[in-house]
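Notes follow the structure.
The values are calculated or read from the model by the stated rules, or taken from the named source; none is laboratory data. All values derive from a computational prediction rather than experimental measurement. Note that we place each Cβ from the backbone using ideal geometry, even for glycine, and neighbour counts take in every protein chain shown. For accessibility, only protein heavy atoms count, side chains too; no ligands or nucleic acids. Shrake-Rupley method; radii C 1.70, N 1.55, O 1.52, S 1.80 Å.
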Amino acid sequence: MRALTIDAHGGLDRLRFRDDLPIPALASDADVRVRVHAAALNHLDLFVIDGVPGVRIAPGWILGSDCAGVVDAIGSAVTNVRVGDHVVLNPGVSDRTCEYCHSGDNPLCLKYSILGEHRPGVLADYVVVPAANAHTIPPTVSFSTAAAFPLATLTAWRMVVSRARVTSNDQVLIRGIGGGVALAALQIAKSIGARVWVTSGSDAKLDRARLLGADETINHATTDVAKEVRGRTGKRGVDVVIDCVGEATWASSLGSLGKRGRVVTCGGTSGPRLETDVRKLFWNQWTIMGSTMGSDTEFSAIVDELRVGRLCPPVDSEYPLEHGRRAFERLAAGEQFGKVVVTVAD
Ligand SMILES: [Zn+2]
C-alpha cells in the first residue's frame, strides 16, 4: 500500500512517499480496518517529524492523525460499524478501562496514544484502529470535510465547552485565527452565542474570520492586543482566552483578560515557556487551564454536529497523497486558513 512516512527525525526532507508497504491486518477481534479516502494535517505532524521527547518511532513510520474513509474489514466482536460504512476516526486511542477513562477523561488515560504519533498514522491507503474509534458519517458529508474535522474540533470542543464552559454571556478571545483549533473554537463559541474576538498577523485571515462570525478582529502584528481589548471594552477585558500559540502571545493574552477570567491552552506553537505574574493571577481570580484532545463522549458530540452540518471545518487546500510533501510545506509556512487536506483514494 501507499503511505507518507519518515525513517528518522529531522526536517521535511525526511518525508518519504512509499508504495511498497503491506496492508495492515486486524490486530484484535475489536478492530476495524478503514480504507482511507482523505486525511488532514495538524501541527502535531510537524512535531512528530521533528521528534517528540520520549516518543520513539520505527523506520517506515506512517504519519497523520486525521482521516475519513470507508470500513474495509471488521473483527468478529465489532457491532458499532459495518463493512462499507463511511466513517471518521477519533485520533485518540485509550484503553477505556483505567480510572481516567471510567470518569470520562480518556485523554488522561495511562495508555493514551494518538494515531500518527504513538501508533501508525492515517496518511496511507489503510489504517487499523479499535472499532470504538470509528464513528459513522452520512454519505452527504464529504471525506475531505470529515478528515479536516477530528483532532482540531475535538481539542477546541473540550477547551471551549468542557473546560472554559463558555456561555452566551462570555466574550472570548481566540489567538492566531487560521489554525485548525482556533477556527474550530471560533465556530463552537459562536454556536454557543458568545461574543468572539480573534487575532492574526494577517488582515486577509481576519477578514475571512469575520465571514465565519468573528465579532471583533485585531491584527497582532500592527496593534497592541491587550491595549486594544482594554480600549474596546472600557477597560473590562474578556472573560475567556483560547491560546495555543504560547510564548509569543501569553503576555498579551493575560493582559486582555478581565476579572474572573479563564485561559485555556492546548499547546504553544511559538514556544513552551510562559511567564505569569502571580499577583495578577490571584487579584483578578483568574483560572489557567490546560486541555488536550477530548473524551469519547466529546467525540460523539462533535460528530453529531458534523452530521447535521452545524460545525463544518474550512478546508484550505487539498493535495494528493503522492504530493504530500507539498501539503506539509503549506502547513509549515503557516499561511493556511483552515485545514490542509491530503486526498488518498478517489
Ligand atoms: Zn484508560
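Regarding ALA164, is this residue more than 16 Å from the ligand (Cβ to nearest atom) and touching a strand residue (DSSP E or B) at 6+ places or on another chain (Cβ under 9 Å)? For ALA164, the condition - more than 16 Å from the ligand (Cβ to nearest atom) and touching a strand residue (DSSP E or B) at 6+ places or on another chain (Cβ under 9 Å) - is met.
Yes/no per residue for (1) in a loop (DSSP other than H, G, I, E, B); (2) touching a residue at least 12 places away in the same chain (Cβ under 8 Å); (3) in contact with a Lys or Arg (Cβ under 8 Å, 6 or more places away or on another chain); (4) open to solvent by less than 20 Å² (accessible area, probe 1.4 Å):
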{"position": "GLY261", "(1), (2), (3), (4)": "no, yes, no, yes"}
{"position": "VAL264", "(1), (2), (3), (4)": "no, yes, yes, yes"}
{"position": "THR269", "(1), (2), (3), (4)": "yes, yes, no, no"}
{"position": "GLN285", "(1), (2), (3), (4)": "yes, yes, yes, no"}
{"position": "MET293", "(1), (2), (3), (4)": "yes, yes, yes, yes"}
{"position": "LEU311", "(1), (2), (3), (4)": "yes, yes, no, yes"}
{"position": "LEU331", "(1), (2), (3), (4)": "no, yes, no, yes"}
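The set of residues in segment 313-329 being part of a strand (DSSP E or B) and open to solvent by 60 Å² or more (accessible area, probe 1.4 Å) consists of GLU318 alone. Any residue in segment 292-308 that is closer than 14 Å to ALA147 by Cα and of a type in the set (D, E, K, R)? Scanning segment 292-308 turns up at least one residue that is closer than 14 Å to ALA147 by Cα and of a type in the set (D, E, K, R). Residues in segment 80-110 that are more than 22 Å from the chain's Cα centre (by Cα) and more than 18 Å from ARG35 (Cα to Cα): THR97, CYS98, GLU99, HIS102, SER103.
Only one entry of SER113, SER94, SER103 meets the criterion of being open to solvent by 40 Å² or more (accessible area, probe 1.4 Å), within 16 Å of the ligand (Cβ to nearest atom) and either touching a Cys at 6+ places or on another chain (Cβ under 8 Å) or not β-branched (Val, Ile, Thr) (or both), and that entry is SER103. When residues in segment 46-70 are screened for being buried (at least 21 other Cβ atoms within 10 Å of the Cβ) and closer than 18 Å to TYR126 by Cα, 9 of them pass.
Report yes if some residue within segment 169-178 is over 19 Å from the mean Cα position of the chain (by Cα) and in a helix (DSSP H, G or I); otherwise report no. Within segment 169-178, none of the residues are over 19 Å from the mean Cα position of the chain (by Cα) and in a helix (DSSP H, G or I). Just one of VAL52, VAL34, VAL88 is touching a residue at least 60 places away in the same chain (Cβ under 8 Å) and over 25 Å from ARG307 (Cα atoms); which is it? That would be VAL52, the only listed residue that is touching a residue at least 60 places away in the same chain (Cβ under 8 Å) and over 25 Å from ARG307 (Cα atoms). Can you confirm whether segment 235-250 contains a residue that is assigned to a helix (DSSP H, G or I), surrounded by 14 or more Cβ atoms within 10 Å (Cβ to Cβ) and either among the small types (Gly, Ala, Ser) or touching a residue at least 12 places away in the same chain (Cβ under 8 Å) (or both)? Yes: one or more hits.
For segment 184-222, the tally of residues that are open to solvent by 30 Å² or more (accessible area, probe 1.4 Å) and aromatic (Phe, Trp, Tyr) stands at 0. The residue that is farthest from the ligand (Cβ to nearest atom), among those in segment 81-91 that are touching a Ser or Thr at 6+ places or on another chain (Cβ under 8 Å) and open to solvent by 10 Å² or more (accessible area, probe 1.4 Å), is HIS86. Within segment 116-126, the set of residues being away from the ligand (no atom under 16 Å from the Cβ) and within 19 Å of the chain's Cα centre (by Cα) comprises GLY116, GLU117, PRO120, GLY121, VAL122, LEU123. Residues VAL141, VAL166, VAL128, VAL160: which one is at pLDDT 95 or above, crowded, with 24+ Cβ neighbours inside 10 Å and not in a helix (DSSP H, G or I)? Checking each option against the conditions leaves just VAL166. I'm checking my understanding of the structure. Among residues of segment 333-346 that are more than 16 Å from the chain's Cα centre (by Cα) and among the charged types (D, E, K, R), which one is surrounded by the fewest Cβ atoms within 10 Å (Cβ to Cβ)? Within segment 333-346, the match that is surrounded by the fewest Cβ atoms within 10 Å (Cβ to Cβ) is ASP346.
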